[in-house]
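Before any comments, here is the structure.
The numbers here are math on the coordinates, done by the rules we state, and not lab data. Keep in mind that this is a model prediction, so the values were computed, not measured. Here the Cβ is made from the backbone with ideal geometry for all residues, glycine too, and neighbour counts use every protein chain on show.
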Amino acid sequence: MDQATGLRNMMQHQSAARPRARVITVTSGKGGVGKSNVSINLAIQLKKLGQRVIILDADLGLANIEIMFGTVPKFNLSDLIYQGKSIREIITWGPMEVGFISGGSGITRMSQLDREYLTYIIQNLAELDAIADTVIIDTGAGISPTVMEFLVASGEIILVTTPEPTSITDSYSLLKALNQNPRFMREQTTIRVLSNLVNSDNEGQVLFNKLNAVVARYLKLPLHYLGSIPRDQALSNAVMQQMPVSLHDPYARSTRAFERIVGELTDNEELKKTRSRGMAAFFSHMLKR
């Protein structure tokens, strides 16, 4: 039995035996747009609704999630692959028992694994379907091969952009690279745009309209507007305190915006359009060439 057949058989068995976590990938065309802040605050708001949430920090070379949580992970994904740690052992628990997994160098080395290691890691990652209701993947910024691998495997993408002209152009470049990827399944992928660090809701809508007009004309790629997060001093203060603003200041403008965003993501009609692939399916798709 070849590797692809073995993976398919394993996935069919697991999909019948386990629930599937909802996997949401948060990305951006450039750094410095608040992507990790968005991931953390979405996780906190989902937790407030009673969901079990895990963040996979796949932003290689940076440690934004652990810095903003004020928690240093003891283990990362490499320890799962090479040191025999279980998936539960490499989860670090942050505020409100939101879990996160540090990718470390394990992310870039996953595509080089042989069949034995590949089967082992997917079996372990499949356990996240039982541990979490929602898994948020916080990718790196830009169009690196690693970021593209996460995006083509994801059924739900949140693209974070800001009013800066470079952010808009880099967001377009990311979508163009994704659209040109031969493994990208546009009919099975929902791409939502979140306008961050805006001065008003109207500015956020205008920002989306600009990006959407260019993407619709040249890429014919459907985008959905998720909403906006205002530029807020309370959010900056929370970052300095290494706390999510959703916990630091529950009444801040940005906190209420995150509440609205999560309301959109958890709307019953919206969920009906979403097919949860689960973490095992996510990574098996990511690693197939």
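Subtracting the Cα-Cα distance of Ile67 and Arg183 from 0.36 nm times their residue separation leaves 38.4 nm of extension gain.
Across the cross-link table entries Lys30/Lys74; Lys35/Lys176; Lys176/Lys210, which are compared at the Cα atoms, the separations over 27 Å belong to Lys30/Lys74. Electrostatic bookkeeping for Ile229 treats Lys and Arg as +1 and Asp and Glu as -1; over the other residues with beta carbon under 12 Å from its beta carbon, the sum is +1.
Going by average Cβ density within 10 Å per residue, which order do the peptides 180-192, 90-102, 23-35, 241-253 take, highest to lowest? Please report the intermediate quantities before stating the final value.
Working: 180-192: 13.6, 90-102: 20.1, 23-35: 23.5, 241-253: 17.9.
My ranking of the peptides, most packed first, is 23-35, 90-102, 241-253, 180-192.
With K and R counted +1 and D and E -1, the other residues having a Cβ less than 12 Å from that of Ile87 yield a net charge of -2.
Positive contributions from Lys and Arg (+1) and negative ones from Asp and Glu (-1), summed over other residues with Cβ under 13 Å from the Cβ of Met68, come out at -3.
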